[in-house]
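J.: Could you have a look at this structure, given as structure tokens, before my questions?
The values are calculated or read from the model by the stated rules, or taken from the named source; none is laboratory data. These numbers come from a predicted model, not from an experiment. Cβ sites come from the backbone with ideal geometry, for glycine too, and all protein chains shown count toward neighbours.
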Amino acid sequence: MARMTETIDRKTPAGEMVLSLRGISKSFGAVSALTDIDLDVHAGEVVALVGDNGAGKSTLVKTLAGVHQPTAGTITFRGQPVTMTDPSAALNLGIATVFQDLALCENLDVVANIFLGRELKPMQLDETAMEVRSWTLLNELSARIPSVRIPIASLSGGQRQTVAIARSLLLEPKLILLDEPTAALGVAQTAEVLNLIERVRDRGLAVIMISHNMEDVRAVADRIVVLRLGRNNGVFYPDATNQELVGAITGAVDNSVTRREDRRHAEQQLSEGGQP
Amino acid sequence: MTGNVKDNAFPATMLDRSDERLKHEAGIGGAVRAFIDRVRSGDLGSLPVVVGLALIWTVFASLNPIFLSSNNLVNLLFDCSTVGVIALGIVCVLMVGEIDLSVGSISGFASAIVGTLWVNQGWPVVLAILAAVAVGGLIGSLYALLYNRLGMPSFVATLSGLLAVLGMQLYILGSTGSINLPYGSAMVNFGQMLVMPRLLAHILAVVPGVVMLWTGVRTISRRREANLSAPSLGSIVLRAAATTLVLEIIVLYLNQDRGIPWMFGLFVGLVMLMNYALTRTQWGRSMTAVGGNREAARRAGINVRRIYASAFVLCSMLAALGGVLSASRLASASQQAGTGDVNLNAIAAAVIGGTSLFGGRGNAYSALLGIIVIQSIANGLTLLDLSSSLRYMITGGVLAIAVIVDSLARRSRVSHGRA
């Protein structure tokens, strides 16, 4: 914690404030899923939301996506206090969400999925314009999709994630919420998606990303917000050690990860000490 | 960053051809190779039903040459049109992954309504037909209500509908049991005799080719403008010419007898309209999406309930229209109308034609191809003077083969990475 206060003002985010939460609480009956959450996200910034199971990450994302309504607290989006009654309200404000299960139609091709529900010229679909726009979106992300005229069923997990992210960009949102974007992916595909997240950020969008994988989080996040039992439990920067992160996530300073880390440090110091 | 380097290296590549991993074929030979490739990976399209039809026709023609006479084929087209319209409605509900088992009863009920209102009550025939189709729509919206609001599976809702609607049909026909429609009236003539003038049939047979050519040329120019790859002009001209040639030969052959029935023209017109609606409109895209992944469609902002409702209503309305057509074909509205094998023939036609029972895959032409297969079997066995027992068994076998081909093709598609 001491280290955290030291470094909190080290990086001043470049972009304007996109989203600011103050005192957000959400309870389901007697259970408080979220208590007094504060969170700021700026344009051109990737904020990672980490925490153990049941820490409230998904509840927080669903609150931002308009699926849940907070019981207390204020959400300020681009300087305006907002209330989101349903998912389409969030979408119209400029908050796009990519859920963990992606929600793509496997029997439709890439273009049809990107434009699903928002087709151009409803009575005589403008396939050419839709295909061009799809390629533009994918190329802006430097995405590697061989063809946009093949069904989603023939794409790999990483490519599907790419299509889902490209679709969320169609309405030109200001903030993108990614729920476990790398959870089901292999090494190369994970790297591809992490590149993608950086490119989305470089376009000046704010990104909130939920992840369990500390390596992925440290690879792309500008700030790491830890939740524990529905409360803020510290803000870290990518150079934080695994030990610090795991400690904040679990609330314990002593566990197998920290023990091993300690052992390694001790061995290192020993070997360094051994060579004059 | 690698993307930028690549873009600079190949500034002239087309938008959709910049990925070096993608195989693409050019020209007419390429189109043929791509087709073979598609079939080998299990994306069969209409191929099995066309092959099956050729097989069935060869067998029947060798057993009885009358089968392929133009007179018999014209009769075949008359018979196809009634159940074919019902099958077109089944394609709609199958697209969203649901089923309507009551189409037979609805068609019988519709014919009873027309008989009662027109013959017994003296309504104008057009009003009576509209009333029958409207009642069909009402039944469909009831199914939609049961499905959307009360979560009743369409299988059960329409199964109870099958009985209830059959009851209503028997009720309004009353004790007489059947109503004869007057011979010589326009409606009965439409179902039994009216054919297109020869010249008009030839002109109409050119229309699909011209439309293909026109839309093809327009697509080419628009895609070239947008820096996308475009199909070659040659392959489009070839396809349009082949289509026109086949249609003209069919018209020429059938014109040796009476000609193309207007009723079949109505059926084909409806099929083409449905094909456009399913492939080129937002509604059709939503239907496919709901059939493929309902939750994804809902999250994309599609009003899923409205899509289901449109499918059920359209299916019931087409079933009612099919009932009206079969009443005009038989010149009567009887207690037997719509019973027996009408239900299963309509569903089997859609499935044999290539529409998946599991939703999200299919097209309007499957109703046309499937019903021609089923009616060919019925017609051929009648010509051979074989009983309906054999007809049921053979139709059942063909349906089983169609479903087996579909599931094998699906397995192959999955392993070849096609949806």
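J.: Kindly state which helices (runs of 4 or more DSSP H) lie completely within segment B:280-353 and contain at least 3 residues that are more than 24 Å from A:V67 (Cα to Cα), among the acidic types (D, E) and more than 9 Å from chain A (Cβ to nearest Cβ). Full working, then the answer.
T.: Values: elements: B:282-292, B:294-299, B:304-330, B:342-352.
So the answer is none; nothing clears 3.
J.: Another one. Of B:S389, B:S376, which residue is in a helix (DSSP H, G or I), more than 14 Å from chain A (Cβ to nearest Cβ) and either in contact with a Lys or Arg (Cβ under 6 Å, 6 or more places away or on another chain) or free of Cβ contacts under 8 Å to residues at least 60 places away in the same chain (or both)?
T.: Numbers: B:S376 fails: either in contact with a Lys or Arg (Cβ under 6 Å, 6 or more places away or on another chain) or free of Cβ contacts under 8 Å to residues at least 60 places away in the same chain (or both).
Matching residue, one of B:S389, B:S376: B:S389.
J.: Got a number for residues in segment A:68-106 being over 16 Å from A:I208 (Cα atoms) and either in contact with a Pro (Cβ under 6 Å, 6 or more places away or on another chain) or of a type in the set (V, I, T) (or both)?
T.: Result for segment A:68-106: 5.
J.: List every residue pair whose Cβ atoms lie under 6 Å apart, where the two residues are 6 or more positions apart in sequence or sit on different chains, the first residue falls within segment A:121-135 and is on the phi < 0 side of the Ramachandran plot and more than 7 Å from chain B (Cβ to nearest Cβ), and the second residue, located anywhere, is surrounded by fewer than 19 Cβ atoms within 10 Å (Cβ to Cβ) and not in a helix (DSSP H, G or I).
T.: Close Cβ pairs (under 6 Å, with a partner that is surrounded by fewer than 19 Cβ atoms within 10 Å (Cβ to Cβ) and not in a helix (DSSP H, G or I)) amount to A:D126/A:L120; A:A129/A:L120; A:M130/A:L120.
J.: Can I ask one more? Within the set of pairs 6 or more residues apart or between chains, which connect a residue that is free of Cβ contacts under 8 Å to residues at least 60 places away in the same chain and at the interface with chain B (Cβ under 8 Å from one of its Cβ atoms) inside segment A:96-112 to a residue that is among the basic types (K, R) and part of a loop (DSSP other than H, G, I, E, B) with Cβ atoms less than 9 Å apart?
T.: These pairs meet every condition: A:N107/B:R361.
J.: Among the numbered conditions (1) more than 20 Å from B:G292 (Cβ to Cβ); (2) buried (at least 18 other Cβ atoms within 10 Å of the Cβ), tell me where A:P87 comes up short.
T.: (2)
J.: Still on this structure, please answer the following. Search segment A:76-95 for residues being assigned to a helix (DSSP H, G or I) and within 14 Å of chain B (Cβ to nearest Cβ), and hand back the single one that is farthest from A:K62 (Cα to Cα).
T.: Of all residues in segment A:76-95, those assigned to a helix (DSSP H, G or I) come to A:87-93.
Applying the additional criterion that residues be within 14 Å of chain B (Cβ to nearest Cβ) yields A:87-92.
Values: A:P87: 9, A:S88: 13, A:A89: 13, A:A90: 10, A:L91: 12, A:N92: 16 Å.
The extreme case among them is A:N92.
J.: Given the conditions (1) closer than 14 Å to B:W283 by Cβ; (2) surrounded by 21 or more Cβ atoms within 10 Å (Cβ to Cβ), which single one is not true for B:A309?
T.: The one condition B:A309 does not meet is (2).
J.: When both residues are 6+ apart or on different chains and their Cβ atoms are under 6 Å apart, which pairs have a first residue that lies in segment B:294-308 and is over 14 Å from B:G97 (Cβ atoms) and among the β-branched types (V, I, T), and a second that is buried (at least 19 other Cβ atoms within 10 Å of the Cβ) and modelled with pLDDT of 95 or more?
T.: B:I302/B:S286
J.: Here is a further query. Just one of (1) within 14 Å of chain A (Cβ to nearest Cβ); (2) crowded, with 17+ Cβ neighbours inside 10 Å trips up B:H416, so point out which.
T.: (2)
J.: Can you name the condition, by its number, that A:G158 falls short on among (1) facing chain B (nearest Cβ under 10 Å); (2) modelled with pLDDT under 90; (3) in contact with an Asp or Glu (Cβ under 6 Å, 6 or more places away or on another chain); (4) over 19 Å from A:L205 (Cβ atoms)?
T.: (1)
J.: Now for a separate question. How about segment B:287-308: which of its residues are in contact with a Leu (Cβ under 8 Å, 6 or more places away or on another chain) and more than 21 Å from B:G353 (Cβ to Cβ)?
T.: Hits for segment B:287-308 are B:A289, B:N293, B:A296, B:A297, B:A300, B:G301, B:I302.
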